[in-house]
Amino acid sequence: MRNEVNKKLVYIAVAIFLLVFSIFNPFLNLSYEAKTTIGIFLFCIALWISEIAPLGIVGLFGIVLSIILGASNVKTAFEGFSNPVIFLMIGSFLIANAIYKYGLDKRVALYFLSKDFFLKSPFRLVLGFSLLTFFLSMWLSNTATTVIMVSIALGVIHLLKDQKKPGFKKFAMLFLLSIAYSASIGGIGTIVGSPTNLVSIGFLKEKGIEISFLDWSIKALPVAFAIYVFMLLYIRFNIREFSISKEALLEIIQSNKAQLGKIKNEEKIVGFVFLLTVFLWILPSIFTLLGFENIGKLLNQKLPESVVAVLTASLLFIIPKDLKEFKPVMSVEDLKEIDWDTILLFASGISLGELITKSGLGKVLAETVKNAFSHEMILALLFVVIILAIILTEITSNTATAIVLTPIVISILESYNVNLINPVMSVAIAASLAFMLPISTPPNAIVYSTKHVDVKTMIKFGFLLDVIGSVIIYIFLILLNYAG
């Protein structure tokens with residue numbers, strides 16, 4: 001216990017030292033505001049890595065420091081909290097929580113997993129679980145998705161363990177890792193799939209750049225699928241010698257389905273609200289694709305993603321699940337269940353990111369990089385940033401990684417006068433590729449806690465996915481030719 005206290009005190013001391021040293025560093029030929037901004041970011045990064053306090057609280061503390069130290073004023077410091085993406089996040093979290101609360105996600109998962117196709121071989125079983133995890137994490141938090149799928153998977157693993165078949169240990173390990181990794185990869189596919197996606201959207205909005213729900217998915221899903229397919233190929237190659245009993249697996253799936261009982265009224269309401277939300281998110285893009293651009297623009301103005309999320313989430317607090325007592329599907333108690341720490345981290349991160357521009361630090365960084373890299377070398381520069389994002393996200397929060405890197409990348413690329421959307425997307429995607437360590441992301445920690453996964457295998461498989469992922473993201477940038 002004493003060692004843990006000492007460790008935390010060391011992190012706090014390091015954070016304070018970095019802040020003070022940056023502000024009073026005589027070797028930095030920068031304005032006071034720029035040096036203070038560097039200090040505040042280093043202070044926050046040290047505390048984010050140490051996880052001494054909730055990440056969102058650290059972000060808030062960083063904003064307060066910027067005001068106290070004179071790097072910003074109170075009006076501009078909290079501007080990030082008015083970003084529309086915050087309300088998109090809140091609405092999405094509420095809908096996802098409703099789906100999880102009433103078990104709709106588990107019902108959908110069990111329905112598909114009971115299909116004959118997924119029960120014929122070990123690889124098809126992995127395919128079924130990982131594909132469902134991939135899909136669910138496009139809409140729900142990767143943590144909730146992993147909890148659901150792992151709880152079902154453990155029943156399968158315990159059954160197979162009793163059969164004492166050769167290759168079981170390796171299969172169980174890769175089976176569980178496929179769920180954890182698919183939860184992270186699937187989140188890449190939609191704007192609401194991962195906080196890192198919302199961070200990039202938020203910073204782009206600050207620059208007056210809009211990207212629709214459908215446009216994001218059209219660009220990001222091929223990247224996600226490419227990484228996912230490589231993961232499947234690796235697993236298939238490594239579980240060739242293992243076999244399973246179809247009848248026994250079906251018995252486990254049916255047992256889980258029976259526990260859910262008949263579909264409840266609450267599930268129907270939540271399912272309707274979810275489908276309505278997705279429909280309204282993609283509706284403007286559909287009209288635009290059909291040639292009705294004016295209608296598409298009008299819908300984007302009147303029903304942007306954030307408004308839709310808040311509108312449909314609010315319906316869950318109004319529509320009654322029982323007409324006799326008129327109790328709504330969601331209550332005020334459910335507001336406590338959403339991830340407010342991530343929301344605070346995102347909002348404070350947007351404000352801190354704006355400090356880079358307003359303090360003049362972004363301009364200095366841009367000029368420095370521009371002198372070192374010619375216009376033709378932008379793709380090489382972005383590849384370095386992608387690698388850096390992947391390294392950082394392995395040891396600290398993926399949201400914090402995106403918050404630190406995205407405004408820097410934007411400041412640099414603006415000096416080259418290039419399109420920002422795809423490079424910023426690549427940073428968000430890279431920040432989601434946390435595969436190597438149990439501490440890298442909650443899904444990794446969840447499967448590690450089952451005692452069926454060892455760290456050595458996670459590092460080996462995770463490192464391979466990190467390398468492949470970075471190459472796939474880089475190819476994505478080359479194909480879209482956003483270096484000029």
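So which of Gly70, Gly39 ends up being at positive phi and at pLDDT 90 or above?
Gly70
Which one of these is farther than 30 Å from Ser194 by Cα, free of Cβ contacts under 8 Å to residues at least 60 places away in the same chain, open to solvent by less than 20 Å² (accessible area, probe 1.4 Å) and β-branched (Val, Ile, Thr): Ile16, Ile23, Ile68?
Testing whether each residue is farther than 30 Å from Ser194 by Cα, free of Cβ contacts under 8 Å to residues at least 60 places away in the same chain, open to solvent by less than 20 Å² (accessible area, probe 1.4 Å) and β-branched (Val, Ile, Thr) leaves just Ile23.
Output the residues belonging to the range 296-314 that are open to solvent by less than 70 Å² (accessible area, probe 1.4 Å) and of a type in the set (D, E, K, R).
Glu305
Can you say whether Leu433 is over 24 Å from Ile468 (Cβ atoms) and either touching a helix residue (DSSP H, G or I) at 6+ places or on another chain (Cβ under 9 Å) or assigned to a helix (DSSP H, G or I) (or both), as far as the supplied structure shows?
It is false that Leu433 is over 24 Å from Ile468 (Cβ atoms) and either touching a helix residue (DSSP H, G or I) at 6+ places or on another chain (Cβ under 9 Å) or assigned to a helix (DSSP H, G or I) (or both).
Are any residues in the range 310-325 touching a helix residue (DSSP H, G or I) at 6+ places or on another chain (Cβ under 7 Å) and not aliphatic (A, V, I, L, M), and if so, which ones?
Thr312, Lys321, listed by residue number.
How many residues are among the aromatic types (Phe, Trp, Tyr), in a helix (DSSP H, G or I) and open to solvent by 30 Å² or more (accessible area, probe 1.4 Å) if we restrict to the range 271-295?
4
Could you list, in sequence order, the residues of the range 11-45 that are over 24 Å from Ile403 (Cβ atoms) and either assigned to a helix (DSSP H, G or I) or touching a Cys at 6+ places or on another chain (Cβ under 6 Å) (or both)?
Scanning the range 11-45 gives a single hit, Phe24.
Within the bounds of the range 91-107, is there any residue that is open to solvent by less than 40 Å² (accessible area, probe 1.4 Å) and more than 30 Å from Lys336 (Cβ to Cβ)?
No - not one qualifying residue is present in the range 91-107.
Of the residues that make up the range 145-166, is at least one under 26 Å from Ile468 (Cα atoms), of a type in the set (Ser, Thr, Tyr) and open to solvent by 30 Å² or more (accessible area, probe 1.4 Å)?
No - not one qualifying residue is present in the range 145-166.
If I ask for residues that are assigned to a loop (DSSP other than H, G, I, E, B) and more than 23 Å from Ser82 (Cβ to Cβ), which ones from the range 325-359 would you list?
Those that are assigned to a loop (DSSP other than H, G, I, E, B) and more than 23 Å from Ser82 (Cβ to Cβ): Glu325, Phe326, Val329, Met330, Ser331.
Does the range 379-408 hold any residues that are open to solvent by 10 Å² or more (accessible area, probe 1.4 Å), under 17 Å from Ser432 (Cβ atoms) and without any contact (Cβ under 8 Å) to a residue 60 or more places away in the chain, and which are they?
Selection gives Val385, Leu388, Ile391, Leu392, Leu405.
Out of Leu60, Leu154, Leu88, report the one residue that is under 30 Å from Leu250 (Cα atoms) and of a type in the set (A, V, I, L, M).
Leu154
Suppose we keep only residues that are touching a residue at least 60 places away in the same chain (Cβ under 8 Å) and open to solvent by 30 Å² or more (accessible area, probe 1.4 Å) within the range 362-378. Which one would you say is nearest to Ile408 (Cα to Cα)?
Step by step, filter the range 362-378, then rank; the result is Val364.
Is it fair to say Asn419 is out of contact with any Asp or Glu (no Cβ under 8 Å at 6 or more places or on another chain), among the polar types (S, T, N, Q) and under 22 Å from Ile475 (Cβ atoms)?
yes
Taking Glu210, is it open to solvent by 50 Å² or more (accessible area, probe 1.4 Å), modelled with pLDDT under 90, touching a Pro at 6+ places or on another chain (Cβ under 9 Å) and on the phi < 0 side of the Ramachandran plot?
Yes; evaluated as a whole, the condition is true for this residue.
Of the residues that make up the range 430-441, is at least one open to solvent by less than 40 Å² (accessible area, probe 1.4 Å), of a type in the set (A, V, I, L, M, F, W, C) and over 30 Å from Leu154 (Cβ atoms)?
Yes, the range 430-441 contains a residue that is open to solvent by less than 40 Å² (accessible area, probe 1.4 Å), of a type in the set (A, V, I, L, M, F, W, C) and over 30 Å from Leu154 (Cβ atoms).
Please identify the pairs in which a residue from the range 214-228 that is under 16 Å from Ile386 (Cβ atoms) has its Cβ atom under 9 Å from the Cβ atom of a residue that is open to solvent by 50 Å² or more (accessible area, probe 1.4 Å), counting only partners at least 6 apart or on another chain.
Lys219/Leu480; Val223/Ile475; Ala226/Ile475
Applying the selection to the range 315-336, what residues are loosely packed, with under 15 Cβ neighbours inside 10 Å and either closer than 23 Å to Ser141 by Cα or in contact (Cβ under 8 Å) with a residue 12 or more places away in the chain (or both)?
Selection gives Asp322, Ser331, Val332, Glu333, Leu335, Lys336.
Tally time: how many residues in the range 254-270 are part of a helix (DSSP H, G or I), over 17 Å from Ile152 (Cβ atoms) and open to solvent by 70 Å² or more (accessible area, probe 1.4 Å)?
Final tally of qualifying residues: 2.
With respect to Leu174, is the statement that it is assigned to a helix (DSSP H, G or I), out of contact with any helix residue (DSSP H, G or I) (no Cβ under 9 Å at 6 or more places or on another chain) and either farther than 20 Å from Ala402 by Cα or free of Cβ contacts under 8 Å to residues at least 12 places away in the same chain (or both) true?
So Leu174 does not fit the description; no.
Restricting attention to the range 213-253, which residues are part of a helix (DSSP H, G or I), hydrophobic (A, V, I, L, M, F, W, C), under 25 Å from Ala183 (Cβ atoms) and open to solvent by 10 Å² or more (accessible area, probe 1.4 Å)?
Within the range 213-253, Leu214, Ile218, Leu221, Phe225, Ala226, Val229, Phe230, Leu232, Leu233, Phe237, Leu250, Ile252 qualify.
The values are calculated or read from the model by the stated rules, or taken from the named source; none is laboratory data. These figures come from a predicted structure and were not determined experimentally. Note: ideal-geometry Cβ built from the backbone for every residue, glycine included; neighbour counts use all protein chains shown. In case anyone asks, the SASA skips ligands and DNA or RNA and just uses the protein heavy atoms, side chains included. Shrake-Rupley method; radii C 1.70, N 1.55, O 1.52, S 1.80 Å.
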